[in-house]
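Structure first, commentary second.
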Amino acid sequence: MRRIVVALAILAGALGAIGREATPLAEDPRVEARLIAIAEELRCLVCQNESLIASRAGLAMDLKHEVREQIKAGKSDQEIRDFMVQRYGDFVLYRPPLKSSTVLLWIGPFALLIVGFAAVWIFVRRRRTIPAPALSSQDEARADALLGTRADDSGR
């Protein structure tokens, strides 16, 4: 039991050392705050489903460094976003603008949802209207024999 307590104490100490707060990469916390705000709106070009700030990919690190340098150079948030779009296209934005080249991104999910609902609705409607196949008197007699019922007991 004592060994378990000692092992848990060592593990807790190690986790405490690991869990310390990371030092900011920028000397100025305001620069880092702006970097976070801008990079949350940009997509990692490698990961594609992560924001630039969340990604640890090499390209993401380079792009964050570029954004940080532009912040230090005095550029506005919009100028930085425009630079990234000019260099990498609208794909770099998590919320691309609505224009002819991105209209499918905005309307596509809704169109697919409507088409899916319509397909299910049509399938259900057709399923209800398909009449049950009529059995011949010979098939009915055979079914009654298999079920152990007589034709006159069936309530007809």
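The values are calculated or read from the model by the stated rules, or taken from the named source; none is laboratory data. This is a predicted model, so every value here is computed, not measured. Note that we place each Cβ from the backbone using ideal geometry, even for glycine, and neighbour counts take in every protein chain shown.
See the values below:
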| quantity | calculated |
| --- | --- |
| Number of the condition not met by Glu69 [criteria: (1) in a helix (DSSP H, G or I); (2) in contact (Cβ under 8 Å) with a residue 24 or more places away in the chain] | (2) |
| Failed item in (1) farther than 23 Å from Asp90 by Cβ; (2) among the small types (Gly, Ala, Ser); (3) at pLDDT below 90, with Ala73 passing the rest | (3) |
| Residue tally, condition surrounded by fewer than 10 Cβ atoms within 10 Å (Cβ to Cβ) and assigned to a helix (DSSP H, G or I), over the range 126-146 | 7 |
| Residues of the range 81-102 classified as in a helix (DSSP H, G or I) and over 19 Å from the mean Cα position of the chain (by Cα), total | 8 |
